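Heads up, the thing below is written out as structure tokens.
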Amino acid sequence: MGDNNKNQLQEQKKMILNMIAEGSKSHGEVFDKDDSRYSVDTEEGAQIYASFSDEELLDLLRESAQRLGYSPSQGEVHWILRTYLKTRFKNWPGALRAAGLSRSAGRGGVSTEQLSQENGEYQNMLNQVRSMAERLGRIPHPSELPEICRKLKKRYRTWGEVLAAAGVEEAMAVHLQKEENLKDDELRMLQELRALAKRLNRSPLRSEMEQVLRESLLRRFGSWRNVLYQIDLEPVQRITPFVNAPLQRGKGHKRATHRQELYDCHYRLLKLDPQTAEDLELVRKLMQQLGRPPNRQEVPPEIRKRLQKACGSWSNALFQLGLQENP
């Protein structure tokens, strides 16, 4: 995207923000048929919509709630904001949930003062989840925090949503420590781990390490994350860990476990072959032209297919470049 187009997009975005602000003051339903070009169904509108991050849209929704004193109903925000939020978060309750607002919208809903108190209580519970992750050096299982799960299910649908809200990935990295003065047998075990990583061209999953060796490493270094840290590797990350795991199991439901497939994971390739390096460089240049990560359809099919095969998924191909897939 050229500089002129970028500047034009920024000007249009500022105009949209002003329209949304004015619409909020008059309770939302300000509609001029000339503004229909900003709908996500038009090319111009789709570009403007894509320029908004999740947090920018949610902040606009939170500002409306702050002005009103309660979670806004759909008719109490500008139609453009309503459309963008419902497109990004699937529906209005989903947008309210993502913004940390009560799904009981409108004047008869929960006040912002009540919501602030509730948010403080929920944040305290999320802090407890984060503290457990920090202490364990791994993702806690919902069965380890049954009382918190019972309370959190009023706001979150799955354990994966709780983990993301609590920031467990950052918490688990707190106590990583390189061990010194290792014994010969410990060095030998780490060398076997290096050899496995080299064969896989990525960090091994715990389940991919022979059981006796895995258990010995865990006893010595405490967590799988810390085991990998000894040889300068980071663990394979689930993009959405426990994505379908309910907060509490009903009778007859099996204990939630991680899936073993890698298609929903992010991990670094330890070595890029020349073709993969060339394909990734093309994607990087395309991103610079667009001013954003390219969608799958914007990448030549043969290149996309090669990268998906080499990296396990399109999302993980972008991860090699430090990018995230567009929603």
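Listing for the model above:
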{"item": "Top-ranked residue of the stretch 60-102 - restricted to ones that are free of Cβ contacts under 8 Å to residues at least 40 places away in the same chain, part of a helix (DSSP H, G or I) and within 30 Å of ASN7 (Cα to Cα), ranked as nearest to the chain's Cα centre (by Cα)", "result": "PHE89"}
{"item": "Among the residues listed as LEU85, LEU9, LEU17, the single one being under 25 Å from ASN295 (Cβ atoms) and either modelled with pLDDT of 90 or more or assigned by TED's automatic domain parsing to the domain that holds LEU290 (or both)", "result": "LEU85"}
{"item": "The stretch 196-220, subset under 31 Å from the mean Cα position of the chain (by Cα) and of a type in the set (A, V, I, L, M, F, W, C), residue nearest to CYS311 (Cα to Cα)", "result": "LEU200"}
{"item": "Of all residues making up the stretch 38-59, the number that are without any contact (Cβ under 8 Å) to a residue 24 or more places away in the chain, not acidic (Asp, Glu) and not in a helix (DSSP H, G or I)", "result": "2"}
{"item": "Some residue of the stretch 156-174 being within 20 Å of GLY100 (Cβ to Cβ), touching a Ser or Thr at 6+ places or on another chain (Cβ under 7 Å) and touching a residue at least 24 places away in the same chain (Cβ under 8 Å)", "result": "yes"}
{"item": "Top-ranked residue in the stretch 167-215 [being part of a helix (DSSP H, G or I) and at pLDDT below 85; ranked as farthest from GLN230 (Cα to Cα)]", "result": "VAL168"}
{"item": "Filtered residue count, the stretch 287-327, keeping only those that are outside any helix (DSSP H, G or I), farther than 18 Å from TYR49 by Cα and of a type outside the set (Ser, Thr, Tyr)", "result": "6"}
{"item": "LEU68 of a type outside the set (S, T, N, Q) and either at pLDDT 85 or above or within 18 Å of ASN18 (Cβ to Cβ) (or both)", "result": "no"}
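The values are calculated or read from the model by the stated rules, or taken from the named source; none is laboratory data. None of the values given here were measured: they were computed from a predicted structure. Neighbour counts run over all protein chains shown; Cβ positions are idealised from the backbone, glycine included.
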